[in-house]
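J.: Sharing a structure here in C-alpha cells format.
The values are calculated or read from the model by the stated rules, or taken from the named source; none is laboratory data. From a predicted model like this one, the values you see are computed outputs, not experimental measurements. Reconstructed Cβ throughout: ideal geometry from the backbone, glycine too, with neighbour counts over all protein chains shown.
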C-alpha cells in the first residue's frame, strides 16, 4: 500500500492533454476503466493523468477522491472538464487507498479494471498496449503488465516480469497459478494487474484496511483466476518518492504485514497443490526478511518482536523438509535462524554484514547495491534468494 504526502502548495503545472480528443463521447461500455485512488496527491496528479492517453472511447478514468484535504480534486475536475472519459467520485470518508479502490470498482463501467496510483505514471502507449493484449486473447481474468521503478535519484530499474516470463513453464498467453506457481514472485502491487471487472465483483475480493493490503488481494486474485496472461513490454512507472511510500517509512503499522500474510494462508487453506504452497511460502519468507532488514521500516526496538512473529509464520506454514529447504549461503543461514527462533543469532549476523559493508567502503550502508537487487531493498542484509527444489533464482519484487 502506498500513501502520499499532504502538500499545501496549490500551484501545479497544467497543460492541455496531449493525445486527447476534447469533446469525445463514450459510445457504449468502455473496454478499460482506470481507477485512481487519490489522497494528498496534488503535486503529482496532473503528471499522472497526462500520461493516460490513447484508448479512444474504449477507455474511462475514474478518479476517487478519498476526502483529500488538498487541491487534488480540483486537478481531477479540470481534466474531467476537458475529457468526458474522466470522472471524479468521492468516498464518504477517508479510509485509505484500499477501501478507495473498492469504492472505485463499484463506480467503474469497463470490461476490465486497472488500479493506478496517483503519484505514478503510465508509459507511452500503455493504454493501447493493454487494450491490444486484451483483444488478442480469449477472455482473461487477469493481465499482468511489466513495470519499471524510477527512484527519486532518477535511476530507472526494470521490473521482473520479463525475466520471470523467460522461464515460464506454461503458455504466458493463458495460464493458471497452478501451472506457473513462480508468478507469485512478481510484485504484489495492484497497479501491475488488469482484471476483468465481472471476475473481480464475482469473487467478492476487496482490499482490506491497513498497510500491505495488496498482499491478500494479489494472491487471492491469482488463486481464483482461470486465465492469466502477461505483457512484458513496460506499461507502468512506479515513481519512488521520498516520503511517499510505506517502504521508506518507520511505523508500527509495518506489523500489519503479519495480518495480511495470515489472510493469505487462511484463503489458501484448501489449496492442496504442493508447488503453489511451496512458492507462496518461499515468497513470504523472502518478503518478511526484506521488511525486518530495512532500517527505514522497523524500529530497532521492535525488531525482536518482528522476528518472533516472522518465525511463527515460518514454522506454521513450512511445507516440510522434502518440499522446501533453506537457500545456500547467508540467506539460508537467516532462514535457519528463523526456524530456530534464534533472534540473537540473526541480529549478530546482521551486524556482521553491516560491518563488512562499511569495511568495503561507501559509508554506513556500503557501496550501492546492484540495480533492482534485494540487497538494495533490504540494506541491512544480503540478497534473499529463492530456496527449495524447483524454485529458480529470480530477480525479486520491486514493491513493498
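J.: Does residue 154 meet the test of being out of contact with any strand residue (DSSP E or B) (no Cβ under 8 Å at 6 or more places or on another chain), surrounded by fewer than 19 Cβ atoms within 10 Å (Cβ to Cβ) and under 30 Å from residue 69 (Cβ atoms)? I'd like the intermediate steps shown before the answer.
T.: Details: out of contact with any strand residue (DSSP E or B) (no Cβ under 8 Å at 6 or more places or on another chain): yes; surrounded by fewer than 19 Cβ atoms within 10 Å (Cβ to Cβ): yes; under 30 Å from residue 69 (Cβ atoms): yes.
Against the criterion (out of contact with any strand residue (DSSP E or B) (no Cβ under 8 Å at 6 or more places or on another chain), surrounded by fewer than 19 Cβ atoms within 10 Å (Cβ to Cβ) and under 30 Å from residue 69 (Cβ atoms)), residue 154 qualifies.
J.: Further question on the same structure: Just checking, how many residues over the stretch 176-188 are over 27 Å from residue 98 (Cα atoms) and not in a loop (DSSP other than H, G, I, E, B)?
T.: The number of residues fulfilling the criteria is 0.
Listed here are the residues, each with its yes/no results for (1) surrounded by 19 or more Cβ atoms within 10 Å (Cβ to Cβ); (2) in contact with a strand residue (DSSP E or B) (Cβ under 9 Å, 6 or more places away or on another chain); (3) over 23 Å from residue 207 (Cβ atoms); (4) not assigned by TED's automatic domain parsing to the domain that holds residue 231.
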residue	(1), (2), (3), (4)
58	yes, yes, yes, no
64	yes, yes, no, no
75	yes, yes, yes, no
85	yes, yes, yes, no
95	no, no, no, no
101	yes, yes, no, no
135	no, no, yes, no
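J.: In addition: Could you tell me whether any residue of the stretch 78-85 is in contact with a helix residue (DSSP H, G or I) (Cβ under 9 Å, 6 or more places away or on another chain), free of Cβ contacts under 8 Å to residues at least 60 places away in the same chain and more than 16 Å from residue 235 (Cα to Cα)?
T.: No, the stretch 78-85 contains no residue that is in contact with a helix residue (DSSP H, G or I) (Cβ under 9 Å, 6 or more places away or on another chain), free of Cβ contacts under 8 Å to residues at least 60 places away in the same chain and more than 16 Å from residue 235 (Cα to Cα).
J.: Given the conditions (1) under 23 Å from the mean Cα position of the chain (by Cα); (2) at pLDDT below 95; (3) crowded, with 16+ Cβ neighbours inside 10 Å, which single one is not true for residue 326?
T.: Result: residue 326 passes all but (1).
J.: OK, next. Based on this model, can you work out whether residue 389 counts as in a loop (DSSP other than H, G, I, E, B), loosely packed, with under 15 Cβ neighbours inside 10 Å and modelled with pLDDT of 50 or more?
T.: no
J.: May I pose another question? Given the structure, is residue 152 assigned by TED's automatic domain parsing to the domain that holds residue 52, over 18 Å from residue 30 (Cβ atoms), modelled with pLDDT under 95 and not in a strand (DSSP E or B)? Let's see the steps before the verdict.
T.: On the way: assigned by TED's automatic domain parsing to the domain that holds residue 52: yes; over 18 Å from residue 30 (Cβ atoms): yes; modelled with pLDDT under 95: yes; not in a strand (DSSP E or B): yes.
Yes, satisfied.
J.: Now, a different point. For the stretch 46-56, what are the residues that are over 14 Å from residue 116 (Cα atoms) and either crowded, with 20+ Cβ neighbours inside 10 Å or free of Cβ contacts under 8 Å to residues at least 60 places away in the same chain (or both)?
T.: Let us first name the residues in the stretch 46-56 that are over 14 Å from residue 116 (Cα atoms), namely 54-56.
Hits for the stretch 46-56 are 55, 56.
J.: When the stretch 247-281 is examined, which residues are found to be crowded, with 17+ Cβ neighbours inside 10 Å and outside any helix (DSSP H, G or I)?
T.: 268
J.: On to the next question. Does residue 15 count as at pLDDT below 95 and not assigned by TED's automatic domain parsing to the domain that holds residue 134?
T.: Yes: the conditions hold for residue 15.
J.: Then there is this: Out of the residues in the stretch 138-151 that are within 26 Å of residue 36 (Cα to Cα) and surrounded by fewer than 19 Cβ atoms within 10 Å (Cβ to Cβ), state the one that is nearest to the chain's Cα centre (by Cα). Please lay out each step first, then the result.
T.: If we filter the stretch 138-151 for residues that are within 26 Å of residue 36 (Cα to Cα), which is where we start, we get 139-151.
Now drop any that are not surrounded by fewer than 19 Cβ atoms within 10 Å (Cβ to Cβ), which leaves 139, 148, 150-151.
Details: 139: 24, 148: 12, 150: 14, 151: 15 Å.
This residue is 148.
J.: In the stretch 295-322, how many residues are more than 14 Å from residue 334 (Cβ to Cβ) and either touching a strand residue (DSSP E or B) at 6+ places or on another chain (Cβ under 7 Å) or crowded, with 19+ Cβ neighbours inside 10 Å (or both)?
T.: Narrowing the stretch 295-322 to residues more than 14 Å from residue 334 (Cβ to Cβ): 295-302, 304-305, 308-309, 312-313, 315-322.
Keeping just the survivors that are either touching a strand residue (DSSP E or B) at 6+ places or on another chain (Cβ under 7 Å) or crowded, with 19+ Cβ neighbours inside 10 Å (or both) gives 297-298, 313.
Looking only at that region, the number is 3.
J.: Please indicate, with yes or no, whether at least one residue in the stretch 291-300 is assigned to a loop (DSSP other than H, G, I, E, B), under 17 Å from the mean Cα position of the chain (by Cα) and closer than 30 Å to residue 44 by Cα. Break it down stepwise before answering.
T.: Within the stretch 291-300, the subset assigned to a loop (DSSP other than H, G, I, E, B) is 294-299.
With the extra rule that they be under 17 Å from the mean Cα position of the chain (by Cα), the set shrinks to 297.
From the residues that got through so far, the ones that are closer than 30 Å to residue 44 by Cα too are 297.
Within the stretch 291-300 (the criterion being assigned to a loop (DSSP other than H, G, I, E, B), under 17 Å from the mean Cα position of the chain (by Cα) and closer than 30 Å to residue 44 by Cα), the answer is yes, since at least one residue qualifies.
J.: Working carefully through the options 191, 238, find the one that is touching a strand residue (DSSP E or B) at 6+ places or on another chain (Cβ under 7 Å) and part of a strand (DSSP E or B). It would help to see each step written out before you state the result.
T.: On the way: 191 fails: part of a strand (DSSP E or B).
Answer to the check: 238.
J.: Return the only residue of 162, 209, 138, 170 being within 30 Å of residue 297 (Cα to Cα), out of contact with any helix residue (DSSP H, G or I) (no Cβ under 8 Å at 6 or more places or on another chain) and not in a strand (DSSP E or B). Give the steps one after another, and end with the answer.
T.: Values: 209 fails: out of contact with any helix residue (DSSP H, G or I) (no Cβ under 8 Å at 6 or more places or on another chain); 138 fails: within 30 Å of residue 297 (Cα to Cα); 170 fails: within 30 Å of residue 297 (Cα to Cα).
Only one candidate qualifies: 162.
J.: A follow-up question, please. Condition first: crowded, with 17+ Cβ neighbours inside 10 Å, within 17 Å of the chain's Cα centre (by Cα) and closer than 19 Å to residue 134 by Cα. Now tell me which residues in the stretch 157-187 satisfy that.
T.: 161
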